[in-house]
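To keep things clear, I will list the structure first and then write my remarks on it.
The values are calculated or read from the model by the stated rules, or taken from the named source; none is laboratory data. Model, not experiment: these values are computed from the prediction. Cβ: placed from backbone, ideal geometry, glycine included. Neighbour counts: every protein chain shown.
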Amino acid sequence: MPIVKNNSKAYGYNYASLADIVNAGFELPQMRLKPTELGEYIEYLDEKGEWQIGAKVVVPDMKGTNDAQKYGAAISYARRFTAQLALKLATSDDQKVETQDAETKDYNEKHNASRLSFDDIRKKLDELKTQSEVNAFAKEVSQAYPNPTDKQRAVIKTMFEAKREKITAERLTYHENS
């Protein structure tokens, strides 16, 4: 499971903000607010293009804030945890934890010097427009990384799943607007 470092601070504790997740190299899923009889939930679009239930929006009792600030904090909190759920991420306060730790970096330098870096994969994925292009690139990456570590495998898988979800969401949006 990929780990995102808790870089943001508020209310006396560290947490992984949506920006921390993006800065760690992950693409946020499409999310929306879903009112139900049991309360409001954040939903996210999964890799199949289906909406899934995420975190419930629970408005906290925070002294010194108005109702709008409380509601905004609740939405932000629910979106963060929904993103972590959708992307299958763990977070950590450990200052040594990074999305690519020293052991993985050493392994990459020794075994993958001529291969694609995670940044190269991310850049190439950003350029792709269709599922077939993504699938062809996935084969290319699997050949470039024949024996990835568990962390590498998880990060690469997450990047490809996020891209596939984005293409599906864009296709659905296009069809809805047509």
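Within the stretch 115-168, track down each residue that is at pLDDT below 80 and either in contact with a His (Cβ under 6 Å, 6 or more places away or on another chain) or not in a helix (DSSP H, G or I) (or both). Residues satisfying the conditions are ARG115, LEU116, SER117, TYR145, PRO146, ASN147, PRO148, THR149.
If the condition is being surrounded by 13 or more Cβ atoms within 10 Å (Cβ to Cβ), among the β-branched types (Val, Ile, Thr) and not in a strand (DSSP E or B), then the stretch 31-68 contributes VAL57, VAL59, THR65.
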